[in-house]
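Bear in mind these aren't lab numbers, they're just calculated from the coordinates by the rules spelled out. Note that the structure is a prediction, hence the values are computed from the model and not measured. Using ideal geometry, Cβ is built from the backbone for each residue, glycine included, and neighbour counts are taken over all protein chains shown.
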Amino acid sequence: MNADLIISILSIALVAGTSLVFATIGEIITERSGILNLGVEGIMIMGAVIGFAAAFHSESAWIGVVVAMLVGGLLGFVHAFLTITLRAEQVVTGLALTIMGTGLASFLGQELGPEGGALVGLTGPRFTEISIPILSEIPIIGPIVFNQDILVYLMYVVVIAATYFLYHTRSGLHLRAIGESPQTADAMGVDVFRLRYLYTIVGGMLIGLGGAHLSLAYTPGWSENLTGGRGWIVIALVIFASWNPWRAVVGALLFGGVNAIQFRMQASSTDIAIPATLLNMMPYLLTVVIAVLTTWMQRFNKLIGAPAALGLPYNREERH
Amino acid sequence: MIHLKFEKRLEQSRYSFVGVLVLSIVLALLFGALLLAYAGANPFVAYAEMAKSAFYSDWKETLVKATPLIFTGLSVTVAFRMRFWNIGAEGQLVVGGLAAAGAALFLPEIVTLPESPWVWIPIMMTASILAGALWALIPALLKAFLGVNEIITTLMFNYIAIFYYQFLYTDAWKDPAGRGFPGSARIPSFTKLPRFTGRVHLGIVIAVIAAILIWVIMSKTRQGYEFRLIGENPTAARYAGVNLFRNIILVMILSGGMAGLAGFSEISGVSFKLQQGLAVGYGFTGIIVAWLARLNPFGVILVALLLAGLLVGGDELQMSMQLPAAVGEVLQGMILLFVLGADIFTRYRLRVVQPPVALTSGD
């Protein structure tokens, strides 16, 4: 194994994992507030298709990113309205968002192109690699970490900001409180309902951003089923990460790495004869293995588990 | 100022949910009309085409598509009644289909049995029930022993099953006489479900029998009572000494078996071989079916017919009006979202609360 190959695999791992990091941190923020949003897959794919369409028509990848985040925020709002105000079952509402989002994305993919045509196969604006002077010349680390598209750099910022926010600010404390014990937070004067709305919307925006990274940087363009279940892997990554942004990066890199290796093996399929269909299973098998291992560790090593009030509706007038 | 407030109803309104469902369908159709108009079609014409196709000219196809939806709807119903989130009906359907196809393709070479559907249909049904149940059993055991989140495991098992099935029909079980086209060999004629008219096959009768069976199990047996108790009041279930471990295993065997039967009926009644098109989302649509039917087995039959009609209508839109077939899926998702949102009115009533200020003011 030469150094170039390792650098290339790790570099792909990072860019492949970026959309997962955005979405996982978004879902962590939402789940920390006590709301379980299983609509990640639907929100990601909507962000991907509308983000790409907006970028294509405006000829600006940045506008694509902004629109994708707005769409994500809107879908987050729908989830919040249904589960917080109308007290709908959180699990089923999230599933409904995913089913609806997947169908709608498929519809829009055939309608949002030029003159009402399809988006499939079009090339639009995209984010390309920008190498940062000096830093990108650090051996090994430089070409991996500092020679990426700008959304990867934005991802570094989001990870640091989310960590700082959660553990070092008063608002972060409130966020954690409403997910652990909404009654206590409410008694302390924290507006549980408003904050749960806010963080479900913010989470949705980050998930939408994750989708935009797929269609504007990692695999530029739109194709049916672009997300390929990444939204569900995100749900598993949140558990793997123990609801901690830093651990989310580790998990996302692991999945990005599997993607990169898969990519490599398919490209050079001459020496190892594993059918592509079986290779494609790898990320999903890995997710199961990781879910099992993390749960095991959380049980026996007393790792931090899920927020205590996750998935439970909060209603002032009813006891829990 | 007027305040609106949700007040809990003492008894759930029994008929309001029919109203909720009808209202949700109307709202979803309105939303869909916007999409159709955007796509450059006249929504009235498009909906008329959909309805005509689904319930008049292609009513047989609606029955064909309703068959697997009844099975997956029942599968989800059983698990969701216990608040066990089995999202894996799609994968359980696929392994059920694999088992049925495998039994039909390879068993006749190994064992010599009379070549009669009376022998082979039950064998294939058993194989698919076992396969679906086994596939569901792994997440069930992981949940029961370790507490691994079943949403994640059942979902990932969908992908694993689907890729394995793709591997089989494009590689391991690919028909050597198939001139390079992906797909297995055809199953022998004695392993096919008899057809009534068009592609409508005996599977729909089996599905209705299954619904009756599930109703009996859920409503008339102690086991069904335990499933429901765990779902409705886990604390009470624990105090009553209900064995959660045992119930998780049993509910998933039942749920996986039902989804497995959906795969059987697709192979033995519709496609007659393994090929692309077994995993087209019936497992996921089963979630919508179950929830819209309020987890009632008989409701599942009716809702399955309705949603099958939407699928058939969506296909018709694509064929005759060149509109995306995804309209059918979007409508399904929207109906579910509206039902979820409107559901609160069956459990709560909206009261206008007058602030008490008026009483104290002295004018």
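Expressed as a whole number of Å, what is the distance separating the alpha-carbon centroids of the stretch A:104-149 and the stretch B:139-185?
With the stretch B:139-185 and the stretch A:104-149 each reduced to a Cα centre, they are spaced 32 Å.
How large is Rg/Rh for chain A, to two decimals, with Cα atoms and a Kirkwood Rh? Don't skip to the end; give the middle numbers.
Working: Rg = 19.8 Å, Rh = 20.2 Å.
With Rh from the inverse mean 1/r over Cα pairs, Rg/Rh is 0.98.
Using only Cα atoms, what Kirkwood radius does chain B have, in angstroms? Write out the running numbers ahead of the final one.
Details: mean 1/r = 0.0454 Å⁻¹.
Value: 22.0 Å, from the Cα pair sum.
Nearest 10 degrees is fine. How inclined is helix A:170-180 to the longest principal axis of chain A, computing both from alpha carbons?
So the inclination is approximately 80 degrees.
Pairs of Cα atoms under 8 Å, at least six residues apart: use those to get the relative contact order of chain B, whole percent. Write out the running numbers ahead of the final one.
Details: 615 pairs, mean separation 136.3, N = 363.
Result for chain B is 38 percent.
If you count, for every residue in A:274-283, the Cβ atoms of partner chains within 10 Å of its Cβ, what is the mean? Intermediate values should be presented prior to the final figure.
Details: counts 0, 6, 5, 11, 6, 2, 6, 9, 2, 2.
Rounded to a whole number, the mean comes out at 5.
Starting with the fewest neighbours, write out B:Leu311, B:Leu93 ranked by other beta-carbon atoms found within 10 Å of each beta-carbon. Mind dumping the intermediate values first?
Working: B:Leu311 24, B:Leu93 37.
Fewest-to-most ranking of B:Leu311, B:Leu93: B:Leu311, B:Leu93.
How would the stretch A:45-112 be classified by its alpha-carbon gyration tensor: rounded, prolate or oblate, with rounded meaning a/c under 1.5 and the a/b versus b/c comparison settling the rest? The partial results should precede the final answer.
Values: a/c = 3.95, a/b = 1.92, b/c = 2.06.
It is oblate, given that a/c is not under 1.5 and a/b is not larger than b/c.
Tell me which lysines have Cα within less than 18 Å of B:Lys273's Cα, excluding those fewer than 8 residues away on the same chain?
Reachable lysines: B:Lys65, B:Lys174, B:Lys192.
Scan the stretch A:28-73 for GluC sites (Glu not before Pro) in coil per DSSP, keeping those whose Cβ has at most 16 other Cβ atoms within 10 Å, and list them by number.
Values: sites: A:Glu31, A:Glu41, A:Glu59; in loops: A:Glu59.
Those satisfying the criteria are A:Glu59.
When the Cα centres of the stretch B:209-226 and the stretch A:203-270 are compared, how far apart do they sit, in Å?
If you average the Cα positions of each part, the centres end up 42 Å apart.
Taking the Cα centre of each part, how many Å lie between the stretch B:232-268 and the stretch B:88-124?
Between the Cα centre of the stretch B:232-268 and that of the stretch B:88-124, the gap is 23 Å.
Specify the angular offset, from 0 to 90 degrees and rounded to the nearest 10, of the alpha carbon long axis of helix B:297-321 from the longest principal axis of the alpha carbons in chain B.
Between helix and principal axis, roughly 80 degrees.
For Cα pairs less than 8 Å apart in space and 6+ apart in sequence, what is the mean separation divided by the residue count of chain A, i.e. the relative contact order in percent?
On the way: 573 pairs, mean separation 113.4, N = 320.
Relative contact order of chain A: 35 percent.
Net charge within 11 Å of A:Pro143 by Cβ-Cβ distance, Lys/Arg positive one each and Asp/Glu negative one each, not counting A:Pro143 itself? Don't jump to the answer; show the numbers that get you there.
Working: positive: none; negative: A:Asp4, A:Glu129, A:Glu137.
Summing Lys and Arg as +1 and Asp and Glu as -1 gives -3.
Cross-link partners among lysines for B:Lys8, C-alpha distance below 21 Å, same-chain residues fewer than 8 apart left out?
Excluding near neighbours in sequence, the set is empty.
If you place +1 on the Cβ of every Lys and Arg, -1 on the Cβ of every Asp and Glu, and leave all else neutral, what size is the dipole of the protein assembly as shown about its Cα centre, to the nearest 20 Debye? Before the final figure, lay out the partial values.
Numbers: 40 positive and 37 negative charges, 398 e Å.
That gives a dipole near 1900 debye.
Across peptide A:103-116, what mean number of C-beta atoms from other chains lies inside 10 Å of a residue's C-beta?
Numbers: counts 13, 8, 2, 6, 13, 6, 2, 7, 7, 1, 0, 0, 0, 3.
Averaged over the peptide's residues, the number is 5.
Where Lys and Arg each count +1 and Asp and Glu each count -1, what net charge lies around A:Val192 among other residues with Cβ under 10 Å from its Cβ?
Taking every other residue near A:Val192 into account, the sum is +1.
Can you give the longest stretch of chain B with no exposed loop site, where a site means GluC sites (Glu not before Pro) in a DSSP loop (not H, G, I, E or B) with at most 16 other C-beta atoms within 10 Å?
Working: sites that count: B:Glu11, B:Glu115.
With GluC sites (Glu not before Pro) excluded where exposed in loops, chain B gives B:116-363 as its longest stretch.
What FRET efficiency, computed as 1/(1 + (r/R0)^6) with R0 = 25 Å and r the Cβ-Cβ distance, is obtained for B:Glu115 and B:Ala172, rounded to the nearest 0.05? Don't skip to the answer; put the middle values down first.
On the way: r = 25 Å, r/R0 = 1.01.
With R0 = 25 Å, the Cβ-Cβ based efficiency is 0.50.
Calculate the mean, over all residues of peptide B:164-173, of how many other protein chain Cβ atoms lie within 10 angstrom of the residue's Cβ.
Numbers: counts 3, 1, 6, 7, 1, 1, 3, 4, 2, 0.
Counting Cβ atoms of other protein chains within 10 Å of each residue's Cβ and averaging gives 3.
For the protein assembly as shown, what mean projected area does the convex hull of the alpha carbons give, in nm²?
Details: hull surface 143.4 nm².
Averaged projected hull area, Cα only: 35.9 nm².
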